[in-house]
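Worksheet for the structure shown next.
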Amino acid sequence: MSVAARLAELGIELPEVAPPVASYVPAVVHGGLVYTSGQLPFASGELPATGKVGAEVPAEDAKGYARTCALNALAAAASAAGGLEKIGGVLRVGGFVASAPSFTGQPGVINGASEVLGEIFGDAGRHARAAVGVAVLPLDSPVEVEVTFTLA
């Protein structure tokens, strides 16, 4: 099944590629891979929340934002690669969670990204991953996700 058909089956509509907030491009194709820049959970050009997970932002909300980040990454990768049909699978996910000092649930938050990529790509969505707690992220976003995709 094609990625586009799977997205339609899941009722997922990819967002527009989020414009960079600094001097970089959203994704780069190199050597059979597509590397995305860190994606924030922009929806309709806005961050849905700001602040630290485990303080101002509940972990379950942050998990949903990580899912949005992954979809933003897929949109950026497809744009850079020349279309969704060029994306073959997922190699690695890097997740960053702006965390309150006592928050230790970063893996559960980044599961939002991993789970949606698994739903979309099936076995080709199995990936290596890092889930890292950080003090602050750009624009005070609660999460940021970068993805390395394989080409079809």
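The values are calculated or read from the model by the stated rules, or taken from the named source; none is laboratory data. Keep in mind the model is a prediction, meaning the values are calculated, not measured. Cβ placement follows ideal geometry from the backbone for every residue including glycine, while neighbour counts extend to all protein chains displayed. With ligands, DNA and RNA removed, areas are computed over all heavy atoms of the protein, side chains included. Shrake-Rupley method; radii C 1.70, N 1.55, O 1.52, S 1.80 Å.
Brief remarks on what is shown
- Per-residue packing, averaged as other Cβ atoms within 10 Å, sorts the ranges 72-79, 43-50 into the order 72-79, 43-50, beginning with the highest.
- Neighbourhood charge, 12 Å Cβ-Cβ cut-off, centred on Val3 and excluding it, Lys, Arg +1 and Asp, Glu -1: -1
- Using C-alpha pairs below 8 Å separated by at least 6 residues, the relative contact order for segment 1-137 is 27 percent.
- Helix 106-121 vs. the chain, principal-axis angle (Cα, 0 to 90°, nearest 10): 20 degrees
- When the helices of the chain are scored as -39500 (n - 2.57) per DSSP H run of n ≥ 4 and the total is divided over every residue, the value at 222 nm lands at -10000 deg cm²/dmol.
- Between Tyr24 and Glu85, the distance separating the two model label sites (each 7 Å from Cα on the Cα→Cβ line) works out to 3.1 nm.
- Accessible surface area normalised per residue over segment 1-81 is 51 Å², counting heavy atoms of protein chains with a 1.4 Å rolling probe.
- The chain - percent of accessible surface contributed by carbon and sulfur, probe 1.4 Å: 53 percent
- Highest-MSF residue in the chain out of Pro101, Pro142, Pro15 [GNM, Cα springs under 10 Å]: Pro101
- Area accessible to solvent at Arg92, 1.4 Å probe radius, in Å²: 90 Å²
- Net charge over other residues, Cβ less than 14 angstrom from the Cβ of Thr148 (K, R count +1; D, E count -1): +2
- For Ala27, residues with placed amide H under 5 Å, excluding near neighbours: Ser37
- Cut-off 15 Å between beta-carbons: net charge of the residues surrounding Ala135, Lys and Arg +1, Asp and Glu -1: -2
- Entry for P(r) over Cα pairs in 5 Å bins from 0, in percent (calculated from the structure that is shown) out of [x] 2, 11, 21, 24, 20, 13, 7, 2, 0; [y] 2, 10, 14, 12, 7, 5, 4, 4, 5, 7, 7, 7, 6, 5, 3, 2, 0; [z] 2, 9, 15, 16, 16, 13, 11, 8, 5, 3, 1, 0, 0: [x]
- Theoretical gain in end-to-end length, Ala55 to Ser102 [0.36 nm per residue, Cα-Cα removed]: 16.0 nm
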